[in-house]
Each structure stands twice: as structure tokens, then as C-alpha cells.
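Structure first, commentary second.
The values are calculated or read from the model by the stated rules, or taken from the named source; none is laboratory data. Everything numeric in this text was worked out from a predicted model, so none of it was measured. Here the Cβ positions follow ideal geometry from the backbone for every residue, glycine too, while neighbour counts run over all protein chains shown. These accessible areas exclude ligands, DNA and RNA; they are computed on the full protein's heavy atoms, side chains included. Shrake-Rupley method; radii C 1.70, N 1.55, O 1.52, S 1.80 Å.
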Amino acid sequence: MDYLVRLVQVHESFRKPELEALAALANINIEFLAYADESPFCILRLQSEAAARSLIARSILSQGIYELWGSGIDYPSLHADVTARTKVQWRQYQDCSFRFTLDGFQGKRSPSSQRDVMESFQYMGFDGPIQMNDADLSMCIFEEYERKARTPKMLYLGRLIASSGRRAKATYDLKKRRYISTTSMDSELALVTANMAHAAPGRLFYDPFMGTGSFPIACAHFGAVALGSDIDGRSIRGKKDRDVVSNFVQYGIAGRYLDSFVSDLTHTPLRTARYLDGVVCDPPYGVREGLKVLGSAKAESGKAVVLNNGELAHLQEGFVPPKRPYSFEAMLDDILDFAASMLVENGRLAMWMPTANDDDVELAIPSHPSLELVSVCVQAFNKWSRRLLTYRRLPDAQVDSTAPRPQRTYVAGATADELNSFRRKYFEGFKNASGTSTP
Amino acid sequence: MKLLTLNFLTCARKACKTSAASFPLHPRDAELEQIEVDLNPLFIQNVLPRVEWDALKSLSSELGLPNLPDQCPDAAELTSDDEPSQTLKDLHTLLLETTIQSGKLVCGNCGHEYAIKEGIANFLLPSHLV
């Protein structure tokens, strides 16, 4: 059976990977018949209507899925295709309540023109009452226009099967969240990330850079139990009654909040064993937050610091352990090493990393012999872009242990600027072709 | 910090990672609190095989909680007639509803103490231990 997914026209490069991830999660066979980044209409083949419902239920970057009744470059061809494909089905919808809607992309019709179009389908013989809300049968005419064109270039007719999970985007909107910070990931992409990582009921998910908890929240929304940590305890504790926990309480998902703790991923207190179903994170890029790990930036004696009164400094109330800058590339490798040693078989790592628009600072996508790169999605901003990488932990039998880890030579340096090319570029401004820099 | 989480934690020092004594961490001066958490049978079933049962037993006795069975309950013991069994509910109470609100977690290998405050444990190390 052919289906039409009405995608949203944002985050285009994420849309097909999200559907593929959801199909894999639901164990559904999916075949893409037509997909283009420029189009919100995606045609795919699925085994059944149940599969279609299953696929779309959690989808964030779509509005709904429709049983495809026909397509054509103009109305005569559309009607011919609809008749050829679906004539045998019209009878069963003769008496039920129904409605027609028209969805135009990059073009529109006047209300009277819309009415004419809808009435042109009268030959299907629907005799039941027309009902705009909660009709038994909801038909949608899709019109795809080239920009500024007067007539559509492609038409589809679909029967609504189910709406997507996109309403979650509004539910978890940062504007309504009790506790956020400058580092909070927007709800739409946090939810997509959770989909890519296969957050699901019964699963244990971990974010080692949790900040205010955007990813743990998104994972818990889809039923996973979320564990998080951050090197900055203040972002976990928040203030008064606004903290990570209060966010979970706000959304009624506190039952799936496991714990938060303060730690540095490169000195993790988590025991090494394969018990995480997923790792989701947006590591600090080394720009605003200044990527840091435990340790002193200066050379030290290696002995505990003793205060003038003879007491040990690190045992004092309010002691803040020193931190030093760290290479972003090194952190990415550390995350992959961590994921490979902690994820269950087929568990997923979904991780964000920046790229810069200029070629000379493009960060290589990290790799690991135990992790299969499933997808790379790009979110483009004005002068830079970032990627969502999704990896799957391979079953041990499929890991090529003889393949040597690519030797990474990290930039030597002591300061944040030396260690992080992206940060350097960001603060220097991105130079345009003529060599002048823009802030 | 819930007792389930404790079962996944060791000393953060790299030097201690190779020593068996660094797991589990030992609570000291622990103030426990019982909270109410919705029962999540699927999660308990999924995560129980990943729990280090002996460490859970010793933690339970260190905290003065009721003794646990010698062996970790298997999957069949977690349901009775397709409903969550009492065993599952008891595990839920122990693992997810029993929390350490404040206290210390001590490494059995090096003796370093990690503080828990308002339920959040701090595993940051001073530079001489890094």
C-alpha cells in the first residue's frame, strides 16, 4: 500500500532519517517511493495501515500520514489515477460522515476555487453528511506549486490515517518550560534527537551534558527512563523550585526521571558495563561554555592543597575543583569510546556537533569500530551549521576488532582558543570570500 | 540519589577503576527518604538483569534495609498472571522510591568521599586526584 506523509518544511535533512529511525524502532518495512528535500509530500510503501499508524505516531517532523488514493500533474490525470486505484473502495464510504480539505504548498486557491476542486470529486459518490470535525472519512487534496507558479505542478489525493506526534513540540516548548538556560535545546530538535536514539518505554537513557535536562525530558516523553549528569552542578540544581526536577514535574513525567549527578565525562563515576539503551547529548562546542574537564590548567605538584590553617582545601565546604580547557575533537572521541563500552547491543548514540561553513575548519565526523554511523543530519544557521550524528552499537560479533582506531592527533595547546578551532573561528568572525571579516 | 543509580556508580578516579573495591560505593551518614514514583514494570524487567545483585544486597544491608533474596529474581518472578508481582513492586520501592537525600559515598579502594546534597551527588575530583 502506498502512503503519503505530509512532512513539515523545516529541518529538511532530518525528515527522512527520522522516518527511517521510527520505522526501525517499530520494526516496520519502509520503502521510499518519492522524497525530496524541497517537498513536504513524501510517498512511501508500507505493509499495512497498522504500520502507517505506528510509523507516524511519534513523528515530530510531519503532520500526518494518508493512504494515497492517487496522484497526477493536473486534475484530469489525478481523477483518472484515483478512479483506477480506488474505485472499488468508494462503496464502503458511501454513508459515513466525511470531509474534504485542501493543502496547498507554496500556492493557494480562493475559497470558491477550493470548493470547485472538492466538488470535482463528486463521482466518488459519498452520500453521507459533510462534517468538518471528527468526520469518519477525512480526504485531503494536496497541491504542490513551484514558487510563484499559478497552477500546481503535482497533485495528490489522500485519506487521512493518523496525525503525527508533532503536538509534543508545543507541549515542551521552551517558552513555557519552568527552567531553561541559554544552552537548552529547542523542543522540536530535542524530540527528534530522542526519536533518532530510539528512546522508548522501559529503556534507560543517559545524557552526560544534561544542562537543564532538555534531552532527558524528550527521552522521558517517549517513555524512556532518563539519567543525566553535567560538570556544572548549578545547571542541575537551578534555583529554589526551578530546577531539572521541576521540569519533569511540570510535564507529569517525574516517574521517568531517574537521577542527576555532577561529574566530568572524562572521569565518569559510571561503572563500565553494557547497560545503557541510549546516550543522547549536545556536548559543549567550546564556544560559550568553554569546554572544560577536571584538572588544573597550570602545572601542579600532584599533592593535595593544604590551607594556611592546616586543613585540606578540597574538603572545605563549597570547594570548586579546578578545570582546564580540553580539545573538542578529543571530547568527541571520548564520547564515542564511552558509548561503545556502555551501550547495549543495538543501543544508540545521538550526538550534536558543529561544523563551520568555511571548509578549512570542517570537523571530521568521528568514528569507532564498535559503532555504525546511522545518519548525519544538518541544521544550517546563517554563518555556521551543526550536525546530529546517530550511531548504533554493533553486536560484538559484527565488530571488526582488528581494524585499528584512526590515530587522532589532537592540537597541542593549553588555552581554549588553541584547543578548539571552531571556537577560534567563531570569535574571529567568519571571514567571507573577499577576506573581510564579519562579526 | 535513588538506590538503582548507586548500583551503576564507582569511584571516579582512574586509578581506582581497576580495583574491585571501588564498587560499590559505600554510603556514610546517609539520610534516606522514601518518595512516590509511578510503577514502571517494563523498566524494572529491562534493567534488573543489568543490576549487580551482590552490590545491591550489600548496599541494602549497609543502609539497614530489609535483606534481599540471595539470587536476583528472574523474569518469571516479576509477573503473576500478567500483573506486576509483589516481588516487582518491592524492587520498585527499593530501587526507585528509596533515595539518599544527603550523605557521603565512600570508595572502598582509596577512601575518597563524594558528597550527596539535596539528592544530587558530586563526583568532581580535586586536581591532585585527577
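How well do other chains shield peptide B:2-9, expressed as the mean number of their Cβ atoms within 10 Å of each residue Cβ?
Mean shielding by partner chains, rounded to a whole number: 5.
When only C-alpha pairs under 8 Å and at least 6 residues apart count, what is the relative contact order of chain A, in percent?
On the way: 881 pairs, mean separation 49.6, N = 439.
Reported as a whole number, the value is 11 percent.
Relative to the compact-globule scaling 2.2 N^0.38 Å, provide the ratio for the alpha-carbon radius of gyration of segment A:170-428.
Computed over Cα atoms of segment A:170-428, the ratio equals 1.04.
Can you give the average number of partner chain beta-carbon atoms within 10 Å of each beta-carbon in peptide A:251-264, as a whole number?
6
Hey, can you grab everything whose amide H is under 5 Å from the amide H of A:VAL293? Only 5+ residues off in sequence or another chain; H modelled, so Pro and N-termini drop out.
When sequence neighbours closer than 5 places are left aside, the close amide H contacts are A:ARG324, A:TYR326.
Label points 7 Å out from Cα along the Cβ direction at A:SER112 and A:SER13: separation in nm?
Reported label-point gap for A:SER112 and A:SER13 is 4.7 nm.
Given points 7 Å out from each Cα along the Cα-Cβ axis, report the A:ALA170 to A:GLU345 separation in nanometres with one decimal.
With each label point 7 Å from Cα toward Cβ, the separation is 4.3 nm.
Do any GluC sites (Glu not before Pro) in segment B:95-125 lie in a DSSP loop with no more than 13 other beta carbon atoms within 10 Å, and if so, which?
B:GLU118
Could you check how much of the accessible area of segment A:305-354 is carbon and sulfur, as a whole percent, using a 1.4 Å probe?
51
Which semi-axes, in whole Å and largest first, does the equivalent ellipsoid of segment B:3-121 have when worked out from the alpha carbon gyration tensor as the square roots of 5 times its eigenvalues?
27, 16, 12
Rounded to the nearest 0.05, what FRET efficiency do A:ASN382 and B:ALA21 have when you use their Cβ-Cβ distance and R0 = 35 Å?
0.05
Would you mind telling me the antiparallel percentage of the DSSP bridges in segment A:15-146, rounded to 5?
The antiparallel fraction comes to roughly 25 percent.
Could you please state, rounded to a whole Å, how far the C-alpha centre of segment B:67-115 is from the C-alpha centre of segment A:264-339?
Using only Cα atoms, the two centres lie 29 Å from each other.
Once you place label points 7 Å from the Cα toward the Cβ at A:ALA299 and A:ASP74, how far apart are they in nm?
It is 8.2 nm.
Enumerate the lysines that A:LYS108 could reach by cross-link, defined here as Cα to Cα under 27 Å, with residues fewer than 8 away along the same chain left out.
In chain and number order, the partners are A:LYS16, A:LYS148, A:LYS153, A:LYS169.
Looking at segment A:14-43, which chymotrypsin sites (Phe, Trp or Tyr not before Pro) are DSSP coil and have at most 16 other C-beta atoms within 10 Å of their C-beta? Don't skip to the end; give the middle numbers.
Details: sites: A:PHE14, A:PHE32, A:TYR35, A:PHE41; in loops: A:TYR35.
Sparse-neighbourhood loop chymotrypsin sites (Phe, Trp or Tyr not before Pro): A:TYR35.
Can you compute the FRET efficiency between A:GLN94 and B:LYS14 using 1/(1 + (r/R0)^6), with r the Cβ-Cβ distance and R0 = 60 Å? Round to the nearest 0.05.
Details: r = 73 Å, r/R0 = 1.22.
So, using R0 = 60 Å, E works out to roughly 0.25.
For segment A:244-257, take each phi angle, set θ = phi - 60°, evaluate the Karplus expression 6.51 cos²θ - 1.76 cosθ + 1.60, and give the result in whole Hz per residue in order, putting x for glycine and proline.
Listing the rounded values in order: 4, 4, 5, 5, 4, 5, 4, 8, x, 10, 4, x, 10, 8 Hz.
Go ahead and estimate [θ] at 222 nm for the protein assembly as shown from helices alone: -39,500 (n - 2.57) per DSSP H run with n ≥ 4, summed, over the residue count, rounded to 500.
After summing the helix terms and dividing by residue count, I get -7000 deg cm²/dmol.
Using only the heavy atoms of the protein chains and a 1.4 Å probe, how would B:LYS89, B:LYS14, A:LYS16, A:LYS148 rank by accessible area, largest first?
Order by accessible area, largest first: A:LYS148, B:LYS14, B:LYS89, A:LYS16.
Considering only DSSP beta bridges with both partners in the protein assembly as shown, what is the antiparallel share in %, to the nearest 5?
Among the beta bridges of the protein assembly as shown, antiparallel pairing accounts for roughly 70 percent.
Taking the Cα atoms of the protein assembly as shown, report the difference between the largest and smallest coordinate on each principal axis, in whole Å and largest first.
Extents along the principal axes: 92, 74, 51 Å.
Amide H neighbours of A:THR355 under 5 Å, at least 5 residues apart or on other chains, H built in the peptide plane: list them.
Long-range HN contacts for A:THR355: A:SER385, A:ARG386, A:ARG387.
About its Cα centre, what dipole magnitude does segment A:2-163 give when the only charges are +1 on Lys and Arg Cβ and -1 on Asp and Glu Cβ, stated in debye to the nearest 20?
180
Name the shape class, rounded, prolate or oblate, that the alpha-carbon gyration tensor gives for segment A:258-392, where a ≥ b ≥ c are the square roots of its eigenvalues, rounded holds for a/c under 1.5, and otherwise prolate holds if a/b is larger than b/c and oblate otherwise.
Oblate shape, in that a/c is at least 1.5 and b/c is the bigger or equal ratio.
As an exercise, identify the trypsin sites (Lys or Arg not before Pro) in segment A:237-305 lying in DSSP coil whose Cβ has no more than 15 other Cβ atoms within 10 Å. Let's see the in-between values first.
Numbers: sites: A:ARG237, A:LYS239, A:LYS240, A:ARG242, A:ARG256, A:ARG271, A:ARG274, A:ARG288, A:LYS292, A:LYS298, A:LYS303; in loops: A:LYS240, A:ARG271, A:ARG274, A:ARG288, A:LYS298, A:LYS303.
Here the trypsin sites (Lys or Arg not before Pro) that fit, given the DSSP loop and packing criteria, are A:LYS240, A:ARG274, A:ARG288, A:LYS298, A:LYS303.
May I ask you to derive the FRET efficiency for A:ALA162 and B:ASP81 from their Cβ-Cβ distance with R0 = 45 Å, giving the value to the nearest 0.05?
With R0 = 45 Å, the Cβ-Cβ based efficiency is 0.85.
Give me a single rounded figure for B:35-43: the average over its residues of other chain Cβ atoms within 10 Å of their Cβ.
Neighbouring Cβ atoms belonging to other protein chains average 4 per residue here.
Any lysines with Cα under 26 Å of the A:LYS323 Cα? List them, leaving off those in the same chain fewer than 8 positions away.
Leaving aside lysines fewer than 8 places away in the same chain, those within reach of A:LYS323 are A:LYS239, A:LYS292, A:LYS298, A:LYS303, A:LYS425, B:LYS14, B:LYS17, B:LYS104, B:LYS117.
Rounded to whole Å and ordered largest first, report the semi-axes of the equivalent ellipsoid of segment A:2-163 derived from its Cα gyration tensor (root of 5λ).
Three semi-axes, in Å: 25, 20, 14.
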